[in-house]
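Notes for the one structure printed next.
No value in this document is a laboratory result; all are computed from the given coordinates. What you see is a predicted model; the values in this text were computed from it and never measured. Please note: Cβ atoms are built from the backbone with ideal geometry, for glycine as well, and neighbour counts cover all protein chains shown.
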Amino acid sequence: MRESYAATTSRYGVVLLLMVLYLFPLFYLVNVAMKTQFEYLADPVALAKSIRLSNFAEAWKLGNFADYLWNSIFYTTSATVLTLIVSLIAAFPISRGYVRFSGFFYTFFLISLFLPNPLVPQFALMNELGLYNTQIGYILLRTSGTGIAFLLIVGYVKSISRELDEAAAIDGCGYIRYLFTILLPLTKPVLATGAILTAIQTWNDIILPVIYLSDPGLAPVTKGLFAFRGQYLNNWPMLACGIIIVAAPLILLYAFVQRYIVDGALAGALKA
Amino acid sequence: MRDTEVYAMYPFGKGMARHLPFLLLMIPTALYVLFGFGPSLVTVVFSFTDATGIPGTEWHFIGWENYRTFFTASNADDQMKAIGRSLYFAFAVVLIQNAVALFVAVLLNRKLKGDVFYRATLFLPVVLGVTVSGLIWQLMFNPMGGPVQRILKMFGTSSNFFGSYEVAFDLIIFVQIWMYMGYSMTIFLAGLQSIPRDLYEAGYIDGAKGWTAFRHITYPMIAPAVTVNMLLSIIGALQTFDIIYVLTGGKFETSTLAWNVFAAAFGSTSADYGRASAIGMIQFVFVLIFAVTAMVYFRKREVEL
């Protein structure tokens, strides 16, 4: 079934159009970041005259990005690790049927997708518990054993033989040790995907930090960048540098881990 | 029946040890009930009270007052407009995003030079997140000589973009689709790649090619992916408001129900928990109606096909 020349050409044409739509904004962002404010005001669209990396140093200082990045790294790693642990201890027994009413738990966990937005009572509760404006409170909110990582593990555990559980048990391996020393390495492919998706969600979260982390010293990069925008609203080269400082680590990391996300990993969504 | 519903033989010991999986399961369950499921349910209760965010004030049950206010207060017209915008947003995003995503997925499912790079690029906005993506498009749509304004000028026109009552909301929809098209496309691609090639060859012999092959082979085979994508995008589109927070802050007639919940509870001028909860409940009714309708419809199609 060979394609005609015209069909191939039009296919590449559409792809080219898409790439422009997705890559041009990034290219333009970099271009603006290299300009002086004067250059930008004179002609925002023209190519930058030189590669001015000093802009980044200035934005880095003005925007307190070191603090924000550190906060983001702390929140993202804590929430991701905790999420993987609680997802594993939720998903394994439910997938295997080692707890009573496992079908009920599965549905019960998924139903939150449809339920009313919990924001308001959740805020009242966090206040009552004294968790408002605390790092631990925010990490707790971002830790969930019932999200995408849970779904991926439930699907994946089905492909691991039950006989392995039995063999390990006969050799005297306990439940917790089995989960974390034998099962965990076996579920690496979906754990990687679950970790990346959880990390992306946490890193990019802006609404919960706006609500719960009012202290600027606790803000993650998203909130920090947004505040930076408020301060330098008319200094677009500065702002573009800020955006790149926040985006560059993500793009770099993504280049290494994208195969875990893009290649068939989301097929987990179909199995579940 | 799901095979998760059996209570299976448990190899890791008897007696107290038998309860270990259940005890451990209580940790994620507690987190879920405390911070997710519980607060969701309590929203119903809050919606019948005059609770506020002002510390030390008492709250009372006031019956349907919050709902009555929603539909009859002097700004009821604005609320109706917000409902209209929520539905418009949901329909536009669900239809366009999925149609484009399916088209692109079919396109990229064939061998192309550099296909891995294309797929990765289309997924990139999900990685960049709403703040970075939003600010990048503010830069693109900068009314003071940004690239898009430049193009409009060539046609002798101009716009205020995110500061314009006419187009701000449509631009938000555009950015939302730009952000999540790659996500839907990835799910479609996963579905497409599970279709065995010989199915097309068999179809080809029977004269099924082009549109016919898509209609009678591809589409039925990716029915589960369609269901997942439709459900996720309907729920997502009706509940999302972070993109509005970043791009317009609800100004220029861009508020939706989901935004109004946030604005009523945590906005700079309002901390009205009762009213916010009532709006949240009204939003929930829409989510329920559309999600259940879509689920029943697409599941039925999956069976028929």
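The figures follow:
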read-out: Helical mean residue ellipticity (222 nm; -39500 (n - 2.57) per DSSP H run of 4+; nearest 500) of the protein assembly as shown; value: -22000 deg cm²/dmol
read-out: Rg(Cα)/(2.2 N^0.38 Å) for the protein assembly as shown, N = residue count; value: 1.02
read-out: Vicinal HN-Hα couplings computed from phi for the range B:75-81 (Karplus, 6.51 cos²θ - 1.76 cosθ + 1.60; Hz; Gly/Pro x); value: 9, 4, 4, 4, 5, 4, 5
read-out: Separation of alpha-carbon centers, the range B:70-134 and the range B:192-261, rounded to whole Å; value: 10
read-out: Alpha carbon convex hull of chain A, volume per residue in cubic angstrom; value: 204
read-out: Gaussian network model of chain A, Cα within-10 Å springs - most flexible of A:T143, A:T222, A:T187; value: A:T187
read-out: Label-point separation, B:E58 to B:I96 (7 Å along Cα→Cβ), nm; value: 5.2
read-out: Listed residue (B:V106, A:Y260, B:F298) projecting farthest to the positive dipole end of the protein assembly as shown, Cβ model; value: B:V106
read-out: Under-5 Å amide H pairs with B:T52, H placed in peptide plane, nonlocal only; value: B:Y273
read-out: The range A:45-79 versus the range B:138-191: alpha-carbon centroid distance in Å; value: 25
read-out: The range B:37-106: chymotrypsin sites (Phe, Trp or Tyr not before Pro) in DSSP loop, at most 16 other beta carbons within 10 Å; value: B:W59, B:W64
read-out: Axial C-alpha extent at least 24 Å, average Kyte-Doolittle at least 0.0 - helices from chain A (DSSP); value: A:5-33, A:65-96, A:236-262
read-out: Fully extended contour minus Cα-Cα distance, from B:I289 to B:L112, at 0.36 nm per residue; value: 59.6 nm
read-out: Percent of Cα pairs exceeding the 23 Å cut-off, where the set is chain B; value: 69
read-out: Among B:L238, B:L112, B:L139: highest mean-square fluctuation, GNM of chain B, C-alpha pairs under 10 Å; value: B:L112
read-out: Whether the range A:158-234 is rounded, prolate or oblate, judged on the alpha carbon gyration tensor where a/c under 1.5 counts as rounded; value: prolate
read-out: Listed residues A:Y12, A:Y68, A:Y254, most fluctuating in chain A (Gaussian network, C-alpha, under 10 Å); value: A:Y12
read-out: Cβ-Cβ FRET estimate between B:F22 and A:F38, R0 fixed at 60 Å, reported to 0.05; value: 0.35
